[in-house]
Every structure is written in C-alpha cells, then in structure tokens.
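Step one of this worksheet: look at the structure below.
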Amino acid sequence: MSKSDEKIPIDSVLLLPDGKGINKAYIDIILQEEIPVLCINQNNKKKKLISFKVLCDNNENFWQQSGSWKYFLSSEDFGKIKEKSAVKTGDWELERPKKTAAANKEKKAEKGYGDELEKFAEMSVEDKANHLAFDKSQLDMLLSKTGDDKAVAEALVNSTKDAALINHLVFEEALHVIDEEAKKLTQSIVDNTHEMVKSSVQLMSEEFLNNNLMNTLVEKSNGTIVQHMTRVFLNGVAFLSYFNNLVSTSSAIQKLRISFVDKYRKFYHSLLPGFPADNIILERVFMGGMRAIPPDMLNKWSVGFLIHDIGKASAVEYHEGEATYDRDIVIEHVKLGYKSVMSKTNYPIEASLITGYHHEYYGDPSGYGYFRAYLKQFKKQNPEAKQEYCITYDVNPIMDFKALAYFPAKVLEIIDVYDSVTDPNRVYHDAMTPKEALVMMREEFIEKHHKLDAILFDIFADFISEKQKALK
Ligand SMILES: [Fe+2]
Ligand SMILES: [Fe+2]
C-alpha cells in the first residue's frame, strides 16, 4: 500500500455492487474530478488507490462485477460529489456535456452562435438594424395572409434567430464603450428588435405554432445558444398567448379557485409562511389577481425572453465547451446580462429584470440571481417587512419587495428548464420527450423542491399537452 492510500479514512463509503448510492451524475463528476478509488481485495486485504477513470477505461461497470475486489470512495470525496451533483441538477440549462469521443468531435464543429454569426459580424450597425426591419416586414406580410403554417414558422424562426445573433454582436461591442456611447450604439437595434418582437407576438396570437415544424427550422442553424434563445422566445410568446386566452375566455380562474385549497395551498404557504393558512388564496399568489397580460406588457416581456441569455456573450467558450462545471461562470451570465441590458441599452426595465431574475427558483439555494441578493439587503435594513404576494405582474412591487417573484421571470424559468431537458443537442443527457420532461419537472422542481411556480407549471403542462395532441 502506498503512503497516499493511508489518507483514505476507515469510514469510507462503499460503492455498492448493485449501483445503489451511486448514480450516473455522480460518475460523471468522479470522472471529471479524477477522484481516486480505494480498491480492497477481500481475500488478502491488499489495498490499491487507483483512478476511477483508469478502472473505468478497463471495465465500464467495474464496481458492479462480483469478484474479490471491493471499491471505496472517501467520505470527503463522496460529500464533494454529492454537493456538486446537487448544484448541477439545480441548473439543467448549463450542465456539462458528457465525454464521448464521437459526440465531442461533433460538438466541436458547432459554435454557440453558429456559422451565421459571421454574416452579421461583417455588417455595420445600420445594416444590422435594416436587416431586422426587413425581417419585420416579412412577418407583417404574413399577418394579412392566413393558413400558410410553414411560411409563418419559417419567418418567425428566421427573424428570431437574426435578432438573437444581431443583439449578441452589438452587445459585445457595447461592452467595450462607456454607457452613454453604448446606448447610442445599440439604439437602432433596440428599436428594431422591439418592432420585430411586436410583429412576432401579433402573428403568434393568430397562429397556432406547430412545434415540430418550429424545431426542424430552428435546427437549421448550428449554434446551440442561438437555437436555445430562438426556441425559448417562440415557446415563451406562444405560452403567454395561450395563458391570455385561458384566463380571458374560460372559467379557468374559477376552477383554480375551487381546487386551490387541496391542490396548491400547501405549496404557497411554504413560500409565505408568515400568513395563516386560510389567508393563502389565489389573490395572494398573484398580486392584483390572475388576469390577462395587456399588449404593451406582453411585448416588453417578449423582448426579455429574446435576450434573456445575452450575458452568455462573454463566455461562449465556456457555455459551449467542455470545461468542468463552474458555478461562478454560470452565475456570471445573469450578472452580465442584467447589468448590460440595464446600463448599455434603452431596453425596457422589464427586459433587464427578466435577464437578471430568470434563475431565482423562489430562493432555492440551487438558483441564483440579483433578486435574492437585493432581497437579502432589503431584509437586513427592514427586518419587520414581509413579502405579501408570491408573484407580481408589475415592476414596482418587485422592486419594492412586495412580492417574491416577477411573473415573466417565473414563466421563463419553466420554459428554460423544459427547453434544456428536451434539447436534442445536449450530449450530456439524452433529450427527454415532452411527457418525460413534464414528469421530471413536476417531481424535481415542484414536489421535491419548490423552485418553479406550481400554478404556472400546471398551465404550462396543459399547453404542452394540447400542442402534442394537435400534432396527432
Ligand atoms: Fe440563463
Ligand atoms: Fe436560457
């Protein structure tokens, strides 16, 4: 036994032969971190400290084979693995890719923003703005025609993709100049993006977006970040339009009110423990009551959906690469996004809040973002003050800490997680089917942890199920 073997404590954790206690996510971390395994021969008590990876290369399931050797991890390492895994499962969006040589090779051929970025990189800001105006005119032309699903989906995907790429490029430029200059530089892009988004929202409120068609078109672009941004925007807008129809044309709110006590009270009481249980009613969940989103608000929120991950600009290499999971870099995309939308552009405040608050998870430790940081500060200064509502539609109550969450950010969290687990490009895990994704999200993000919003999630699940039915 070498000297280093002695460092392994006696209370080491056994890697059970049936795989209990050790799952796939743990193994990926063990491999990434190059964690060693203590091998003990049960016959002669001989010990060896060997890298898990070396053993794995030799036999993929070595610890599950019966034989004279048993395998152990130190308690300290096991704790580290568990902690890393918890952080990772809390952030599906940015999980590291699984290492398989073939998949990695394929992956390397792609860049976060794809080949099309070059085309726009060569254009002046004015030309970029004109391009967005052209995209908008294409959308407007389709507004008067009806029935051509393919043309509508194509125009929506193209304009969203273009806007995501153009915004990314102009933001990168804007980061290098002082705020005042940056605002001037980005103004024509801000205006044209806003106009293009308005037309998309209008078009989508009239057409039922065929998801399969949309996904096929999105995949034509080979940048994974731009694909994510395109799908999230289009699904987000489609969901808000579904939400508006639901709350304005059916007895949905009445139904919710009837089922509230049995189905939701416990969930929301855990978020607002300072109130007696019978005070937890639908009007306390949605400040001002659940209602349709007015058009101007809808447009501003949709702009926020489109640029929500704009902060990934500074670390594309990381977000698309194979580096070990780094929570600081992951958090950085929210910080950078929020700050740059706020200070380098004249995008509405709604859009910057969405960028900065889209991973809050109702304060769950696996989430992150600006809201929790500001709330902590506020609580320190106002120890008596308490949040009276779960969700607000409006900017002021979220800025004044009257509510725990901002409506569009809670919607975006759901769309974001759903997109990431159903994303066909993730090589870290196989893409889930819509049904699998909804089951997993309910279990992990609603029942086990109160991260997503329970009512909004149920509406989202109906939205996805109806889309699926429409495809059959
Ligand atoms: Fe994000
Ligand atoms: Fe995202």
Between A277 and K376, what is the spin-label point distance in nm, taking each point 7 Å from the Cα along the Cα→C-beta axis?
3.2
Given the pairs K48/K70; K255/K402; K312/K339; K380/K410, which span a C-alpha to C-alpha distance of over 18 angstrom in this model?
K255/K402; K380/K410
Sequence gap of 8 or more, or different chains, plus Cα separation below 16 Å: how many lysine pairs satisfy both in the range 114-226?
13
On a full-extension model of 0.36 nm per residue, what is the gain between E466 and C56, subtracting their alpha-carbon distance, rounded to one decimal in nm?
143.2 nm
The ratio Rg/Rh over the Cα atoms of the range 197-263, Rh being the Kirkwood inverse mean 1/r radius, stands at 1.13
Taking only the Cα atoms of the range 116-471, how large is their convex hull per residue, in Å³?
139
Centroid-to-centroid separation of the range 432-456 and the range 354-395 [C-alpha atoms, Å]
21
Just check the range 337-386 against the gyration tensor rule for me: Cα atoms, a ≥ b ≥ c as the square roots of the eigenvalues, rounded for a/c under 1.5, and otherwise prolate or oblate depending on whether a/b exceeds b/c.
oblate
Computed over the range 116-471: relative contact order in percent, which uses C-alpha pairs under 8 Å that are six or more apart:
17
Can you tell me, using C-alpha contacts under 8 Å and at least 6 residues apart, the relative contact order of the range 278-417 as a whole percent?
25
Sorted on mean Cβ neighbours within 10 Å (highest first), peptides 46-54, 337-345, 455-463, 226-234 come out as 226-234, 337-345, 455-463, 46-54
Grab the beta carbon distance between N44 and V439, set R0 = 56 Å, and tell me the FRET efficiency rounded to 0.05.
0.70
For the range 247-298, what value does the Rg/Rh ratio take when both radii are computed over Cα atoms and Rh is the Kirkwood radius, given to two decimals?
1.03
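Values quoted throughout were computed directly from the atomic coordinates according to the rules given, and no laboratory measurement underlies them. Source: prediction; values computed, not measured. Note that each Cβ is placed from the backbone with ideal geometry, even for glycine, and that neighbours are counted across all protein chains shown.
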